[in-house]
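Here is the structure we will look at, set down as structure tokens.
The values are calculated or read from the model by the stated rules, or taken from the named source; none is laboratory data. Since the structure is predicted, the reported quantities are computational estimates derived from the model, not experimental observations. Cβ atoms come from the backbone with ideal geometry, glycine included; neighbour counts cover every protein chain shown. These accessible areas exclude ligands, DNA and RNA; they are computed on the full protein's heavy atoms, side chains included. Shrake-Rupley method; radii C 1.70, N 1.55, O 1.52, S 1.80 Å.
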Amino acid sequence: ILPQLDADADAIVRAEQSVEEAARSVAQSDGLDTSEMEARLEQASEALASGNASQAIGLADGVVRTLERERAAMDDVLRALKQKKKLKQRYEGREDRDRWEAMLSDIVAAADDRIWSHAAMLLEQMTTALDRDGHALEEARELYDFVAQQWAVLRNQCEAAHIKATDEDRRAVEEAVAKAEAHLDVARLEDALDALGVADGAMERLRRRI
């Protein structure tokens, strides 16, 4: 019986320490919405008062973990919003900029409501999508540069072969390359790739004629 009483006493002490730590964390959580955490802390205190040490510890530790997660999310979001101008620069000039503006507005709204984990999730989704689109556009730009370089060489060969600028295939290449560049400038990726495909086809026809 005595070892069991000692174990129970130790558990109560640990529970008291956990509840005190959770209370300190809640008190020091400026900028966080702690309403839910306060309710759970109250439940932990009630469990402690009734002698349910394990439940008190579980609730109190859960409060601390949640607050740490929310604080980390808040720091990430606030850091990103302080550099909002840099974030906007990543989609300025794009045809779909309204889409990105809407995503940023959702992040700001969640931050205003102090729903930090949700705001952080939205921020991650936005930056991941921007990274993905940026990588795809970079690859498309490299393909455009390659096609443009090939066309510069082939254009000279066309002149030497007396295939003039009025030629249908030459006009098709010039038009397609120009369209591809214009599409890339506003991040219309699919349209740019389609135009590069047209240019490549017309260039291949020209090569067969030279």
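Helix-only estimate, please: 222 nm mean residue ellipticity of the chain, summing -39500 (n - 2.57) across DSSP H runs of length 4 or more and dividing by its residues, to the nearest 500.
Calculated at 222 nm, the ellipticity per residue is -29500 deg cm²/dmol.
Size of the dipole of the chain about the Cα centre, Lys and Arg at +1 and Asp and Glu at -1 on the beta carbon, nothing else charged, in debye to 20?
1220
For the chain, set up a GNM with springs between Cα atoms under 10 Å and report which of LEU123, LEU48, LEU67 has the largest fluctuation.
Comparing LEU123, LEU48, LEU67 in a Gaussian network model of the chain, the most mobile one is LEU48.
For a test of the definition: using alpha carbon positions, the gyration tensor, and the 1.5 limit on a/c, classify the range 1-139 as rounded, prolate or oblate.
Taking the square roots of the gyration eigenvalues as a ≥ b ≥ c, the range 1-139 is prolate.
Please work out the average accessible area per residue across the range 51-143, using the 1.4 Å probe convention, and give it in Å².
Here the per-residue accessible area is 59 Å².
Can you find, among ALA111, MET203, ALA22, the residue farthest towards the positive end of the dipole of the chain? Put +1 on the C-beta of Lys and Arg, -1 on that of Asp and Glu.
MET203
In whole Å, how far is the Cα centre of the range 90-128 from that of the range 172-188?
Each part reduced to its Cα centre gives a spacing of 29 Å.
Of ALA136, GLN125, GLN149, which is farthest on the positive side of the dipole of the chain, counting Cα position, with +1 on Lys and Arg Cβ, -1 on Asp and Glu Cβ, and the Cα centre as origin?
Going by the charge dipole, the pick is GLN149.
Please list, by residue number, every one of the chymotrypsin sites (Phe, Trp or Tyr not before Pro) in the range 53-116 that is coil in DSSP and has at most 12 other beta-carbon atoms within 10 Å.
none
Within the accessible area of the range 123-199, what % is carbon and sulfur when the probe is 1.4 Å and the other protein chains stay in place?
So the carbon and sulfur contribution to the accessible surface is 51 percent.
Keeping all protein chains in position, work out how much accessible area ASP76 exposes to a 1.4 Å probe, and write it in Å² to the nearest 10.
Around 80 Å² of this residue is reachable by solvent.
Dipole magnitude of the range 105-210 about its Cα centre, charges +1 at Lys/Arg Cβ and -1 at Asp/Glu Cβ only, in debye to the nearest 20?
660
Once R0 is set to 25 Å, what does the formula 1/(1 + (r/R0)^6) return for the Cβ-Cβ distance between ALA178 and ARG208, expressed as a FRET efficiency to the nearest 0.05?
The computed FRET efficiency comes out at 0.60.
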